[in-house]
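S.K.: Input: one structure, supplied below.
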Amino acid sequence: MSFINDFLSLIYPRRCEACESILFAHEHFVCNHCRLSLPRSNYHLLADNELQKVFYGRVPLANTWPYFLFEKSGKVQRLLHAIKYEDQKELARYIGAMHGKELFQKGLTENIDVIIPIPLHKKKLKSRGYNQSEWFAKGLGESISKPLDSGYLERTAFTSTQTRKNKYQRWENVEGIFKCLRPDELTNKHILLVDDVVTTGATIEAAHLAFKEIEGLKLSLASIAFAAKLR
Ligand SMILES: [Zn+2]
């Protein structure tokens, strides 16, 4: 079997999803160089980080953990493109596992009760075939040994929060985008919300609105990337 795999990799070499160089047999999805040099935010080491500031006065978040910092035309953008549009869900899971491992090693994830990915609208889910945030959350959950549950949050509106231009419009449109199912089970729980890219924070704000009546609820946020410069 490994002979066949080696033979196939001569004809169809696997390439790094970030820089396109040919991967060695022991490398998965990204080459060693990219794995070590991709721009991590390391926000889990900074209490008062730039993403926390995005949510000041809007959403109380216990932790804000984006894995990468997004740079336009950079390697992170290439990874996100592959994850979103090229059916690379296993890449999302792999990155989730890397992120989770780093959080776990610092002992930051012990009091998380459940991981909830930001859902896609069912029409979008049907056309894409998978939810990239859910696959990232899956890898993250596996590496921190916490349960993932996609059944708590439903996207009821088929609108994009990304396209809203100003803050006023965002406030008008985020209410009612998500609906919390089985809210009673979430009393006094610590939820780790998971999204792919956080930019304006509007999506997270909308999700927070769906949870806001729940007593004793604590929210944290993890994402593949934070696009600070696009705001
Ligand atoms: Zn590479």
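S.K.: Counting only residues 5 or more places away or on other chains, whose amide H sits under 5 Å from the amide H of residue 64 once H atoms are built in the peptide plane?
M.R.: Excluding prolines and chain starts, which carry no amide H, the hits are 221.
S.K.: Determine the relative contact order of the chain: mean sequence separation of Cα pairs under 8 Å and six or more apart, normalised by residue count, in whole percent.
M.R.: Across the chain, relative contact order equals 22 percent.
S.K.: For the range 128-145, what does the Karplus curve 6.51 cos²θ - 1.76 cosθ + 1.60, with θ = phi - 60°, yield as ³J(HN,Hα) per residue in whole Hz, taken in order and with x for Gly and Pro?
M.R.: 7, x, 7, 9, 4, 5, 5, 5, 5, 4, 4, x, 5, x, 5, 7, 10, 6
S.K.: What part of the accessible area of the range 14-171, given as a whole %, is carbon or sulfur when the probe is 1.4 angstrom?
M.R.: Carbon and sulfur: 52 percent of the exposed surface of the range 14-171.
S.K.: Using the Cα centre as the reference, give the magnitude of the dipole from point charges on the C-beta atoms of the chain (Lys, Arg: +1; Asp, Glu: -1; all else neutral), rounded to the nearest 20 debye.
M.R.: For the chain, the charge dipole is close to 700 debye.
S.K.: Mean residue ellipticity at 222 nm from the helices of the chain, using -39,500 (n - 2.57) per DSSP H segment of n ≥ 4 over the full residue count, to the nearest 500 deg cm²/dmol?
M.R.: After summing the helix terms and dividing by the residues of the chain, the value is -11000 deg cm²/dmol.
S.K.: What shape does the chain have by the C-alpha gyration tensor, where a ≥ b ≥ c are the square roots of the eigenvalues, rounded means a/c under 1.5, and otherwise prolate means a/b greater than b/c and oblate the rest?
M.R.: prolate
S.K.: Let me make sure I get this right: for the range 42-112, a, b and c are the square roots of the gyration tensor eigenvalues over alpha carbons, sorted descending. Under 1.5 in a/c it's rounded, otherwise prolate if a/b > b/c, else oblate. Which is it?
M.R.: oblate
S.K.: While we're on this one: Go ahead and collect, in residue order, the members of the range 81-103 whose backbone nitrogen is under 13 Å from a label point 7 Å along the Cα-Cβ direction of residue 28.
M.R.: Only 90-101 pass the distance filter.
S.K.: While we're here: Test of understanding: in a Gaussian network model of the chain with alpha carbons linked when under 10 Å, which of 97, 25, 202 would top the mean-square fluctuation ranking?
M.R.: 25
S.K.: How many Å² of accessible area per residue for the chain, probe 1.4 Å?
M.R.: Value returned for the chain: 53 Å² of accessible area per residue.
S.K.: Would you look at the GNM of the chain, springs on alpha carbons closer than 10 Å, and say which of 24, 136, 70 moves the most?
M.R.: Ranking 24, 136, 70 by mean-square fluctuation puts 24 first.
S.K.: Moving on. Measuring from label point to label point, each 7 Å out along Cα→Cβ, what is the residue 123 to residue 4 span in nm?
M.R.: 4.3 nm
S.K.: Under a straight-distance cross-link criterion of Cα-Cα below 15 Å, which aspartates and glutamates are reachable from residue 53, leaving out those fewer than 8 residues away in the same chain?
M.R.: 205
S.K.: Same structure, new question: Under 10 Å, Cα contacts only: if you run a Gaussian network model on the chain, which one of 185, 205, 90 comes out with the highest mean-square fluctuation?
M.R.: In this elastic network of the chain, the residue with the biggest mean-square fluctuation among 185, 205, 90 is 185.
S.K.: What distance in nm lies between label points placed 7 Å from Cα along the C-beta direction at residue 87 and residue 35?
M.R.: That separation, rounded to one decimal, is 2.5 nm.
The values are calculated or read from the model by the stated rules, or taken from the named source; none is laboratory data. Nothing here was measured: the structure is a model prediction, and the numbers come from that model. Every residue, glycine among them, receives a Cβ derived from its backbone with ideal geometry; neighbour counts consider all protein chains shown. When the accessible area is computed, the model is the full protein with side chains, heavy atoms only, and any ligands, DNA or RNA have been set aside. Shrake-Rupley method; radii C 1.70, N 1.55, O 1.52, S 1.80 Å.
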